[in-house]
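Below: one structure, written as structure tokens.
The values are calculated or read from the model by the stated rules, or taken from the named source; none is laboratory data. Fair warning: this is a prediction, and the values are worked out from it, not measured in the lab. With ideal geometry, Cβ positions are generated from the backbone for all residues, glycine too; neighbour counts draw on all protein chains shown. Ligands, DNA and RNA are excluded from the accessible area calculation, which covers all protein heavy atoms including side chains. Shrake-Rupley method; radii C 1.70, N 1.55, O 1.52, S 1.80 Å.
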Amino acid sequence: MRTIPASELIINNDGSIFHLHLRPEQLADIVILVGDPGRVAMVAEFFDHKECNVSNREFNTITGTYKGRRMTVLSTGIGIGNIDISVTELDALANIDFASRQEKAEKKQLTLVRLGTSGALQPDIKVGDFVFARTSVGFDGLLNYYKGRNEVCDLEIEKAFMEHTGWNDLLPKPYFINADETLWEHFRDVVTEGITVAAPGFYAPQGRWVRLEPQDIHLNEKVESFRYNGRRITNFEMESSALAGMAALMGHRAATICTIIAQRVALDACTDYKPFVKKMIETALDKLAVLK
């Protein structure tokens, strides 16, 4: 069995993992991921009991219970790179023996649910709606670095999308990855189904033009007009594809739910979106408390 070198899996002197600063016993099987470190407290204020509060860089973590169900809420910060760090280290906490630096024979399956914010790409999706990324589109290229990428992705829709958009060879090859189907079935009565694009940046990668012009100023129009078996791309955000893809490769359950705070078609945005986010959090916690 492979022993993981110290350079590949860095364990701090207190027995915690390098970036998250968590020890294995501090992690619950249900993990809520948020981008904003300040949103961790917003989630945890619903908890009945808090057992630990750990912070390092942008990674804030609180583990506690909600209606008797043990949960962890973790902030990842913004972007795909931080999802790569967070999911890898969460899996290591669950499935690596830190003493031997070897994989445990019996693997633990985590449930990873990201609660984020997003911009809508279709006119009928309104500010305040909750969109469940049943499929995520990775504009980031992260999953292309991992073995097994093609086995977990939908290659047919990927091909159709690249043909429809005339995908530029200079950009990372996009990948289409589905959320865990049991999570979709569990949440479907309180969300809108979506195909969500995860972009590697907030500005040009999402078609925004401030001072630097995007390479393809018509890319968003092509994304909005794409249809596949009656489905359409609904919204932009920045993390869902890596979460779904890495979880699928590792055997975890993962999904992303986003509150819509901007209408990209109407060129409108809502800056006072906290009430919508708070409602999404409470709705998600109630569903996770009874998850099988």
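With respect to the numbered conditions (1) out of contact with any strand residue (DSSP E or B) (no Cβ under 6 Å at 6 or more places or on another chain); (2) closer than 30 Å to VAL31 by Cα, which one is the sole condition not fulfilled by PRO214?
For PRO214, the failing item is (2).
Looking at GLU58, GLU8, which one is over 18 Å from ILE257 (Cβ atoms) and free of Cβ contacts under 8 Å to residues at least 12 places away in the same chain?
GLU8
Of the residues ASN144, ASN150, ASN168, ASN178, which single one is over 18 Å from SER241 (Cα atoms) and open to solvent by 20 Å² or more (accessible area, probe 1.4 Å)?
On inspection, the qualifying residue turns out to be ASN168.
What number goes with the only condition from (1) without any contact (Cβ under 8 Å) to a residue 40 or more places away in the chain; (2) within 15 Å of PHE176 (Cβ to Cβ) that ALA244 does not pass?
ALA244 satisfies every listed condition except (1).
What are the residues in the stretch 80-108 that are open to solvent by less than 50 Å² (accessible area, probe 1.4 Å) and of a type in the set (Val, Ile, Thr), if any?
ILE80, ILE83, ILE85, VAL87, ILE96
Having 2 or more residues that are open to solvent by 50 Å² or more (accessible area, probe 1.4 Å), touching a strand residue (DSSP E or B) at 6+ places or on another chain (Cβ under 9 Å) and farther than 22 Å from ALA254 by Cβ is the bar; report the strands (runs of 3 or more DSSP E) wholly within the stretch 1-79 that clear it.
Working: elements: 30-34, 49-56, 59-66, 69-75.
In the stretch 1-79, the matching strands (runs of 3 or more DSSP E) lie at 49-56.
Just one of (1) surrounded by fewer than 21 Cβ atoms within 10 Å (Cβ to Cβ); (2) of a type in the set (Val, Ile, Thr); (3) over 20 Å from VAL277 (Cβ atoms) trips up ILE195, so point out which.
Of the numbered conditions (1) surrounded by fewer than 21 Cβ atoms within 10 Å (Cβ to Cβ); (2) of a type in the set (Val, Ile, Thr); (3) over 20 Å from VAL277 (Cβ atoms), the odd one out for ILE195 is (1).
Which condition number in (1) open to solvent by less than 30 Å² (accessible area, probe 1.4 Å); (2) under 30 Å from GLY148 (Cα atoms); (3) not small (Gly, Ala, Ser) is the one that ARG227 fails?
(1)
For the stretch 226-241, name all the residues that are of a type in the set (Gly, Ala, Ser) and touching a residue at least 60 places away in the same chain (Cβ under 8 Å). If you could, list the steps in order and put the result at the bottom.
As a first pass, look at the stretch 226-241 and keep what is of a type in the set (Gly, Ala, Ser): 230, 240-241.
The answer is SER240, SER241.
So which residues in the stretch 252-292 are charged (D, E, K, R), farther than 30 Å from HIS218 by Cβ and assigned to a strand (DSSP E or B), if there are any at all? First the steps, then the outcome.
Initial filter on the stretch 252-292 (charged (D, E, K, R)): 253, 264, 268, 272, 274, 278-279, 282, 286-287, 292.
Among the residues that remain, those that are also farther than 30 Å from HIS218 by Cβ are: 253, 272, 274, 278-279, 282, 286-287, 292.
Within the stretch 252-292, ARG253 is the sole residue that qualifies.
Give me a count of the residues in the stretch 233-292 that are out of contact with any Gly (no Cβ under 7 Å at 6 or more places or on another chain), hydrophobic (A, V, I, L, M, F, W, C), open to solvent by 30 Å² or more (accessible area, probe 1.4 Å) and within 24 Å of VAL152 (Cβ to Cβ).
Residues meeting the conditions: 2.
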